[in-house]
Structures are given as C-alpha cells and as structure tokens.
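In what follows, a structure is listed as structure tokens, so that the remarks can point back to it.
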Amino acid sequence: MAAQPAQAAACATAGHVYVRSAAGLHQSGYEGNQQFGVPVVVLSPFGSLALSIGGNGLRKDTSITFQISKFGEYWFGNNSFRLTGSNCVHNEVSIGSLSGSEPGQYLLRATYTAGNSGTFVSNEPVVLLVIPAIP
C-alpha cells in the first residue's frame with residue numbers, strides 16, 4: 001500500500017482576529033460575519049489603554065494588518081510583524097496605547113486570511129473605542 005501525502009492540519013476554529021485590552025477580549029465575529037456585532041469599549045478620558053492584537057484560525061505564515069481610524073480621519077495603521085504559526089494561532093502582539101487626551105471614536109479594523117476556508121477578510125471592524133471629551 002502506497003503512503004498517502006501528508007494533509008495540512010485543520011484549524012480548530014474559524015478565522016478571527018481579536019483585540020485585548022484591560023477592558024477584556026474583543027472580537028466581532030468569524031471570517032467577517034460580524035455575528036457578535038462590533039463591540040464598543042468606552043475609555044476614561046483621564047488615562048490610556050494598552051492594546052494587543054492576535055488571532056486564531058488563520059493561515060500559516062500570514063500576518064494581520066490593522067488600522068485604527070478616528071471617525072473622519074486616518075489615525076494609525078500597521079502590520080503585526082508576526083507570522084501565524086502552523087497551529088493557526090497568531091500570538092498576541094502589542095500595537096500601542098490609545099490616550100484619553102484625544103477624545104473621539106476610533107475604529108480598529110483588521111485584514112487577514114482564514115486558515116480553513118482560505119477566505120481573505122479585508123478591513124473587518126473588530127472593536128470601536130470611544131473616548132469621551134472631558135466635561
């Protein structure tokens with residue numbers, strides 16, 4: 001009996017990107033379906049919030065590209081500079097802090113490739129960060 005070619009390991013979950021902060025873990029759904037809606041996190045206008053981005057169910061050797069935009073203007077964007085491993089996990093990486101000194105609504109979007117389906121998800125809204133103005 002001839003040996004069969006090795007099959008790629010399937011990912012344990014559908015592709016998704018999440019953001020972690022002191023306020024918790026935030027994700028909007030799987031592979032762009034937005035099944036949870038876009039979570040809203042309200043920050044204190046008197047501090048800052050450190051953010052990390054990670055993912056599961058992603059294609060091996062791909063990275064997450066993200067952007068944060070303040071409504072009405074571009075604010076920040078970057079590549080995660082980390083590749084997804086053979087286990088479909090993109091380990092968390094710090095993407096900086098959002099300061100309470102800049103009131104507004106900031107939408108974090110992510111672009112990634114799902115591991116099982118191969119779906120390319122572009123600019124998926126992951127979390128909305130709201131910093132109220134100081135009264």
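Cut-off is 10 Å between beta-carbons; in what order do GLU31, GLU102, GLU124 appear when sorted fewest neighbours first?
Values: GLU31 20, GLU102 12, GLU124 23.
Taking fewest neighbouring Cβ atoms as first place, the list is GLU102, GLU31, GLU124.
How large is ³J(HN,Hα) for each residue in the range 89-99, as worked out from phi by the Karplus curve 6.51 cos²θ - 1.76 cosθ + 1.60 (θ = phi - 60°), to whole Hz, x for Gly and Pro?
9, 9, 4, 4, 9, 5, 10, x, 10, 10, 8
Run through the DSSP bridge list for the range 16-131 and note the antiparallel percent, rounded to the nearest 5. Don't skip to the answer; put the middle values down first.
Working: 37 of 40 bridges.
Of those bridges, close to 90 percent are antiparallel.
Ordered by residue, what ³J(HN,Hα) values in Hz, to whole numbers, does the range 30-43 give under the Karplus form 6.51 cos²θ - 1.76 cosθ + 1.60, where θ = phi - 60° and Gly and Pro are x?
Rounded to whole hertz, the list is 10, 6, x, 7, 6, 5, 9, x, 8, x, 10, 10, 9, 9.
For the range 16-131, go through all pairs of different Cα atoms, get the mean of 1/r, take its inverse, and jot down that Kirkwood value in Å.
Values: mean 1/r = 0.0708 Å⁻¹.
By the Kirkwood definition, the hydrodynamic radius is 14.1 Å.
Magnitude of the Cβ-charge dipole of the chain, K/R +1 and D/E -1, about the Cα centre, nearest 20 debye?
Values: 6 positive and 6 negative charges, 29 e Å.
That gives a dipole near 140 debye.
From the residues VAL121, THR111, GLY57, which one has its Cα farthest along the dipole of the range 16-131 in the positive direction, the dipole being from +1 and -1 charges on Cβ of Lys/Arg and Asp/Glu about the Cα centre?
The residue sitting most towards the positive pole is GLY57.
Values quoted throughout were computed directly from the atomic coordinates according to the rules given, and no laboratory measurement underlies them. Keep in mind that this is a model prediction, so the values were computed, not measured. In this analysis, Cβ positions are derived from the backbone assuming ideal geometry, glycine residues included, and neighbour counts consider all displayed protein chains.
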